[in-house]
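Below is one structure, written out as C-alpha cells; comments come after it.
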C-alpha cells in the first residue's frame, strides 16, 4: 500500500516529486487526513495542473505576438487553442467531481517565468519561449502520468489518463523546436 503527499521544491523535480507526489510509507492515497490523503493531494495536483495550463495559454498568446519563427508561432497558436479547450474540460471535471475550483491566476513561480519571457528581446524570445514550454510541458505530463496511476478521484484520474497522449505530443513538438 502507498500513500502520497504533495512535494514541491520550487522547480527541479525528480521521479514522483516532479509531478507533485512524494511516496509515504503507510496507508493508501486518501486514507489519512491532512497533508496525506485524497483531498489535500487532489487540491495540490489540481492547482498545479490549472496553473500550468494558464501559463501555457498566457505564454502562447505572448509568443503569437512576439515569436519570429513561423513554426514557433504555429506551435503557440496550437498551445493556446488546445490548452484553452483542455482547461474547459478540466474545470468541468473538477466541478463534476465536486472539488473546489483551482486557482484562477498564475502562482508566483509561473508569473516570474512569464515576466521573464516578456523581458526577452526579439532575438532571444523564441529560444526562451521554447525552453519554458519544454519545462512546463514536462511537469504537466508528469502530473498527469502520476495522477493517472495513483490518483484517488475517478473523474480527475480519467481526465489525467485522457490527457497523457496529448501532453506527451506537446512535449515532443516543443522539444523539436529547440
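The values are calculated or read from the model by the stated rules, or taken from the named source; none is laboratory data. Quantities reported herein were computed from a predicted structural model and do not represent experimental measurements. Using ideal geometry, Cβ is built from the backbone for each residue, glycine included, and neighbour counts are taken over all protein chains shown.
Could you give every pair whose Cβ atoms fall below 7 Å, whose first residue belongs to the stretch 144-157 and is crowded, with 20+ Cβ neighbours inside 10 Å, and whose second residue is modelled with pLDDT under 90 and assigned to a helix (DSSP H, G or I), counting only separations of at least 6 or pairs across chains?
So the pair list comes out as 146/16; 147/45; 153/38; 153/42; 156/42.
Identify, please: which residue in the stretch 61-72 is in a helix (DSSP H, G or I) and more than 21 Å from the chain's Cα centre (by Cα) and is, among those, surrounded by the most Cβ atoms within 10 Å (Cβ to Cβ)?
Top of the filtered list is 66.
Within the stretch 93-118, can you find the residues that are touching a helix residue (DSSP H, G or I) at 6+ places or on another chain (Cβ under 9 Å) and not in a loop (DSSP other than H, G, I, E, B)?
93, 94, 96, 109, 110, 111, 113, 114, 116, 117, 118, listed by residue number.
Is the stretch 115-130 home to any residue that is surrounded by 14 or more Cβ atoms within 10 Å (Cβ to Cβ), modelled with pLDDT of 95 or more and within 14 Å of the chain's Cα centre (by Cα)?
No: the stretch 115-130 contains no residue that is surrounded by 14 or more Cβ atoms within 10 Å (Cβ to Cβ), modelled with pLDDT of 95 or more and within 14 Å of the chain's Cα centre (by Cα).
Going by the conditions given, is residue 167 part of a helix (DSSP H, G or I), free of Cβ contacts under 8 Å to residues at least 40 places away in the same chain and buried (at least 20 other Cβ atoms within 10 Å of the Cβ)?
The answer is yes for residue 167.
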